[in-house]
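The values are calculated or read from the model by the stated rules, or taken from the named source; none is laboratory data. Everything numeric in this text was worked out from a predicted model, so none of it was measured. Positions of Cβ are backbone-derived with ideal geometry, glycine not excepted, and every protein chain shown enters the neighbour counts. Areas reflect the complete protein model, heavy atoms only, side chains present, ligands, DNA and RNA absent. Shrake-Rupley method; radii C 1.70, N 1.55, O 1.52, S 1.80 Å.
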Amino acid sequence: MNCKNCNKYLRETQKFCDECGAKVIHNRLTPKVLAAQVNEQFISIDNKFFRTFIDLFKKPETVIEGYINGTRKKYIDVLQYFAISLTLAGIQVFLMTTFFREALEFDSEFLNTIAKAPGNEHNPFLNSGFDGMTNYQGLIYIIMVPFSALGSWTVYYFFGDKRYNFTEHMVINLYYSAQIIIITAVFSILFLVFGLNYLIVSAIITLPTFIYFGFVLKRVFKESFWETTAKFILVMLVYLLAFILLMLIIGLIIGIVIALNK
């Protein structure tokens with residue numbers, strides 16, 4: 001018998017391939033087998049998802065450092081975890097736009113004030129309203145990660161902490177981002193069930209997510225509270241400056257395109 005993933009020869013008693021680590025499947029796909037796999041991957045309290053989710057709160061350094069140092073079996077792979085978070089965010093958007101539209105209505109006067117601001121005449125997000133913003137939500141989450149990674153990598157590199165390269169800072173920020181996306185998706189729906197406005201929900205959730213980011217940085221880099229706080233503020237400044245610069249570049253490109261098409 002050969003492994004169905006890498007074609008390496010397997011002994012009949014093997015449960016996992018010693019070359020690629022894939023689980024050896026002996027049973028045909030049936031409803032019972034499929035239900036067992038779903039339970040193992042997503043429902044069982046002992047599965048990787050819940051273990052990753054819980055430990056990212058209790059001891060995020062164990063999950064993050066473990067992945068960076070090569071421990072890839074105990075917790076969900078960082079890209080897979082981020083993909084799961086984006087899936088939950090998509091479900092959140094669907095439920096919000098389908099069942100909670102009244103709670104998501106933005107004040108028209110507020111939107112009109114923004115629309116009159118210079119440079120917003122051709123803003124695709126503003127012109128399409130809430131639906132336009134939610135349509136780009138997944139893309140926005142993806143774009144934010146490299147900027148937050150750039151912020152943390154730049155600040156810690158500047159202060160002489162070079163233990164993690166930029167890619168490893170990406171891992172830190174991917175795990176963090178996935179965790180807050182999952183929390184945001186779940187709590188947004190729970191709060192909206194009780195009739196709260198989406199802006200209020202966002203305000204309630206935002207502060208704890210920033211505090212959690214500081215907690216992750218403190219546990220991963222093992223520094224004092226004040227050292228972490230100072231670097232956290234600098235990370236946020238670098239992140240905002242880089243993001244503003246990107247928005248200015250995009251705005252400039254849009255302006256040039258519009259001018260050329262006139």
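Counting only residues 5 or more places away or on other chains, whose amide H sits under 5 Å from the amide H of Phe16 once H atoms are built in the peptide plane?
Amide H neighbours of Phe16: Val24.
What is the set of long-range amide H partners of Leu10 at a cut-off below 5 Å, with H atoms built 1.01 Å from backbone N?
Asn2, Cys3
Quick check on my link table: of Lys4/Lys59; Lys8/Lys74; Lys74/Lys222; Lys8/Lys59; Lys15/Lys59; Lys4/Lys58, which ones sit more than 27 Å apart, alpha carbon to alpha carbon?
Table pairs above 27 Å Cα-Cα are Lys4/Lys59; Lys8/Lys59; Lys15/Lys59; Lys4/Lys58.
Rank-order 234-244, 149-159, 182-192 by packing density, defined as the average count of other C-beta atoms within 10 Å over each peptide's residues, highest first.
Packing order, densest peptide first, comes out as 149-159, 182-192, 234-244.
Got a number for the accessible area of Ile76? Probe 1.4 Å, square angstrom, nearest 10.
Number for this one is 10 Å².
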